[in-house]
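See below for the structure under consideration.
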Amino acid sequence: MKKILITEFMEQDSVDSISEVFEVIYDPSLHENIESLESQIELVDAVIVRNKTQLNESLLLKAKNLKFVGRLGVGLDNIDTNFCLDNNIFVQPATGMNADSVAEYVIACTLSLLKNIPTSHSGTSTGQWPRTSIKSRELGGKTLGLLGFGVIGKKVSRLAQIFGANVIAYDPFVESSDAENLGVSLTSQEELFNLSDVITIHLPLTIETRDLMNLSSFKKMKKNPIIINSSRGSIVNENDLLIAYKEKFISGFALDVYESEPVKESFYNEITSSMNCILTPHTSGVTVESNIRVSQFIADKTIKFLE
Ligand SMILES: NC(=O)c1ccc[n+]([C@@H]2O[C@H](COP(=O)([O-])OP(=O)(O)OC[C@H]3O[C@@H](n4cnc5c(N)ncnc54)[C@H](O)[C@@H]3O)[C@@H](O)[C@H]2O)c1
């Protein structure tokens, strides 16, 4: 009977659906125990991971029977995909399954930061009653710029348009007619920096996108935008982001992902309650609903592949 190893949290109903067909070893904390992981992975046909299990070359070399990797999420940074390609191991991400959660997160942060909710809350809850000192804005009529117009970028555009935002996007790999059909204009990166009141990042982390948002890009932003990053941490230079906020090149920021995770002390020590910012612990894609969708999608793909 084929063997499946699951090294991180997966919804129990989905684990059960695989167990009906194959032998399953489910240990949600196995990613913490490298020695045990190395010995267990030797005999399995498939492994299912989230983002904590490092499927690097040295671990994959031990997995002599491995044919399938299921990723309970989208980013593949923790998987040596080149090794998998060269060794006929199929890698299946849960593409699109948490996109609605991320898109809602982006809109929640956009509205919250335009309305200065973080500082309004901290002022009110400490008795300052900042009724006239804090300016609140509407999303309607603003320009929202998307860096990356893939699955999540498209979902964000649809939600932002409902609020009356004008949506533009920078993505050289998308046909302009595809964007226009969704009411979105493709622009250059410079133009997007010039025009946007809100800039939200939906890119993969690559050599081109690493450090894309640095002081020189923040200085090009004409409308003191709000910056939202729910994609991958190292796309935004965290030091430069803090400088850009202090120098008022930007008017707020929301980060769900960081250069290193958990977020560095040297970064969060700089955050105060008087800043218009929101920090979350890489949870924008994680909701009760998306966990169920992601787990069942990977369970179905695993069964189909091995059958
Ligand atoms: N925080 C979370 O919990 C969470 C959840 C899901 C996805 N993500 C991340 O969000 C990001 C976007 O996810 P997605 O599902 O929309 O991906 P996607 O692949 O559908 O879209 C990415 C888009 O970026 C474009 N792109 C690639 N390189 C580019 C470049 N140099 N300049 C401009 N555009 C470029 C591609 O053409 C593509 O359209 C990924 O990094 C993913 O890992 C994070």
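Report yes if residue 230 is closer than 24 Å to residue 267 by Cα and crowded, with 17+ Cβ neighbours inside 10 Å, otherwise no.
For residue 230, the condition - closer than 24 Å to residue 267 by Cα and crowded, with 17+ Cβ neighbours inside 10 Å - is met.
Please work out which one of (1) assigned to a loop (DSSP other than H, G, I, E, B); (2) within 16 Å of the ligand (Cβ to nearest atom); (3) touching a Ser or Thr at 6+ places or on another chain (Cβ under 6 Å); (4) not small (Gly, Ala, Ser) is the condition residue 134 fails and give its number.
(2)
If a residue must be of a type in the set (A, V, I, L, M, F, W, C) and within 19 Å of residue 235 (Cα to Cα), how many such residues does segment 250-296 contain?
Residues of segment 250-296 of a type in the set (A, V, I, L, M, F, W, C): 250, 253-255, 257, 263, 267, 271, 275, 277-279, 286, 288, 292, 294.
Subset that is within 19 Å of residue 235 (Cα to Cα): 250, 253-255, 257, 263, 267, 277-279.
So the count comes out to 10.
Would you confirm whether or not segment 142-155 contains a residue that is surrounded by 19 or more Cβ atoms within 10 Å (Cβ to Cβ), at positive phi and within 16 Å of the ligand (Cβ to nearest atom)?
The answer is yes, given that some residue of segment 142-155 is surrounded by 19 or more Cβ atoms within 10 Å (Cβ to Cβ), at positive phi and within 16 Å of the ligand (Cβ to nearest atom).
Tally the residues that are of a type in the set (S, T, N, Q) and crowded, with 18+ Cβ neighbours inside 10 Å, restricting the search to segment 162-190.
Residues meeting the conditions: 2.
Just to check your reading of the model, which residue among 218, 193, 305 is within 14 Å of the ligand (Cβ to nearest atom) and either under 30 Å from residue 45 (Cβ atoms) or surrounded by 22 or more Cβ atoms within 10 Å (Cβ to Cβ) (or both)?
Going through 218, 193, 305 in turn, the sole match is 193.
Mind checking whether some residue in segment 111-130 is more than 16 Å from the ligand (Cβ to nearest atom), assigned to a loop (DSSP other than H, G, I, E, B), loosely packed, with under 14 Cβ neighbours inside 10 Å and of a type in the set (Val, Ile, Thr)?
Yes, segment 111-130 has at least one match.
Report, by residue number, each residue of segment 161-174 that is farther than 12 Å from residue 199 by Cβ and either within 14 Å of the ligand (Cβ to nearest atom) or part of a helix (DSSP H, G or I) (or both).
First, pick out the residues of segment 161-174 that are farther than 12 Å from residue 199 by Cβ: 161-166, 171-174.
The answer is 161, 162, 171, 172, 173, 174.
Cβ contacts < 8 Å: first residue at positive phi, restricted to segment 79-104; second residue more than 12 Å from the ligand (Cβ to nearest atom), any location; separation 6+ or different chain. Result?
So the pair list comes out as 88/67.
Read the figures in this text as sums done on the coordinates, not as results from a lab. In this text the structure is predicted, and so the values were computed from the model without any measurement. Note that each Cβ is placed from the backbone with ideal geometry, even for glycine, and that neighbours are counted across all protein chains shown.
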